[in-house]
Amino acid sequence: MKKHILIVEDEQEIANALAARLNSEGFAVSVADNGVDGLDLALNEDYELVILDIMLPGLSGTEIARQLRAQKDSAILMLSARDDENDIVDGLNIGADDYVTKPFSAREVVARVKALIRRRDLEPTSTLRGVSSFGALTIDSLSHSISLNSKFVHTTPTEFKLLSVLCSAPGTVFTREELVETLSYEPDTNLSSELISHTNLRTVDSHVRSLRKKIGPQFIRTVHSVGYSFEINSEKTQVSA
Ligand code: CA
């Protein structure tokens, strides 16, 4: 279940520092120290995100980004030296998602990585489209309405969003931190973990409690000390656009 990240960086000290930090944040990490191996891994494995240094032996990070973008949908974060401004522009034009300029702190890179992954998680696959039915529960993302056994259920915008996110991946456990971030998500805003206060986590709990009162307890499962998941019961599920 760990998200897998590839680091392509020939400066061992930087690669090790990033790998250690990402590991400690719960990511699985692979490292390549040259462009050829980096491209090979990036194309043949499935990485959530690839961190690409631009100046690499063998093949440049920009070239790797070009080939990777044509074949895979991994997010791409470029690392660049300060004087690589043209390379940064090239990289972004090719489809890199973001870049960090050296020197940087591992902490800063991890924050960017998390922001990119979060952004991807929130993109279309995680957004309900049209009308989705889960047993007796129907969620209409156009009219932002929920009905249970064909009866309209009044929900607040936050409750609706929370349920939509949970329903976007039935059976998947969302941590309370992820849910807080989703609920407060604004494009182009990097929400730092410091902002996820204890109070916000408790707020998620109270929204879930309120939703359960409205739609019944069976749809949202509590995963103790982790978060919540949407559960489809044995009833048939239909999704129509
Ligand atoms: Ca380099």
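Before moving on, here are some points about what is shown:
- Accessible surface of region 4-123 [probe 1.4 Å, protein heavy atoms]: carbon and sulfur percent: 43 percent
- Close amide H contacts of ALA136 (hydrogens built in the peptide plane, cut-off under 5 Å, sequence separation of 5 or more or a different chain): none are found.
- Dipole of the chain [Lys/Arg +1, Asp/Glu -1 at C-beta], most positive-end residue of ASN16, VAL29, SER229: SER229
- Debye intensity ratio in log₁₀ form over the Cα atoms of region 1-80, taken at each q of 0.10, 0.17, 0.27 Å⁻¹: -0.19, -0.55, -1.36
- Computed from Cα atoms, the angle from the helix 157-167 axis to the main principal axis of the chain rounds to 70 degrees.
- Charges were assigned to the Cβ only: +1 to each Lys and Arg, -1 to each Asp and Glu. The resulting dipole of the chain about its Cα centre is roughly 1820 debye.
- Nearest-ten-degree value, helix 61-71 long axis tilted from longest Cα axis of the chain: 40 degrees
- Overall Cα dimensions of the chain - principal axes, largest extent first, Å: 62, 37, 28
- For region 42-111: rounded, prolate or oblate by the Cα gyration tensor [a/c cutoff 1.5]: oblate
- The translational diffusion coefficient of region 2-144, from Stokes-Einstein at 37 °C and 0.692 mPa s with a Kirkwood hydrodynamic radius over alpha carbon pairs, comes to 206 µm²/s.
- Hz values of 3J(HN,Hα) by residue in region 75-81 - Karplus curve (6.51, -1.76, 1.60), Gly and Pro given as x: 5, 10, 10, 8, 10, 9, 6
- In order along region 132-140, the phi-based Karplus estimate (6.51 cos²θ - 1.76 cosθ + 1.60, θ = phi - 60°) of 3J(HN,Hα) comes to 10, 10, 10, x, 6, 9, 10, 10, 9 Hz; Gly and Pro are listed as x.
- Among the listed pairs LYS3/LYS214; LYS3/LYS102; LYS102/LYS161; LYS3/LYS213; LYS114/LYS213; LYS114/LYS151, those beyond 30 Å (Cα-Cα): LYS3/LYS214; LYS102/LYS161; LYS3/LYS213; LYS114/LYS213; LYS114/LYS151
- Rounded to whole numbers, the Karplus 3J(HN,Hα) couplings from phi for region 175-181 are 6, 4, 4, 4, 5, 4, 5 Hz, using 6.51 cos²θ - 1.76 cosθ + 1.60 with θ = phi - 60°, and x at Gly and Pro.
- Secondary structure note: in the chain, about 55% of the DSSP beta bridges are antiparallel.
- Against the chain, whose longest principal axis comes from its Cα atoms, helix 35-44 is set at around 30 degrees.
- DSSP beta bridges in region 37-125 [antiparallel fraction, %, rounded to 5]: 0 percent
- Sequence ranges 221-230, 71-80, 165-174, ranked by mean other-Cβ count within 10 angstrom, highest first: 71-80, 165-174, 221-230
The values are calculated or read from the model by the stated rules, or taken from the named source; none is laboratory data. All figures in this text were calculated on a predicted structure; none of them were measured in a lab. For neighbour counting, all protein chains shown are included, and Cβ atoms are generated from backbone atoms with ideal geometry for every residue, glycine included. Surface accessibility is based on the protein's heavy atoms, side chains included, excluding ligands, DNA and RNA. Shrake-Rupley method; radii C 1.70, N 1.55, O 1.52, S 1.80 Å.
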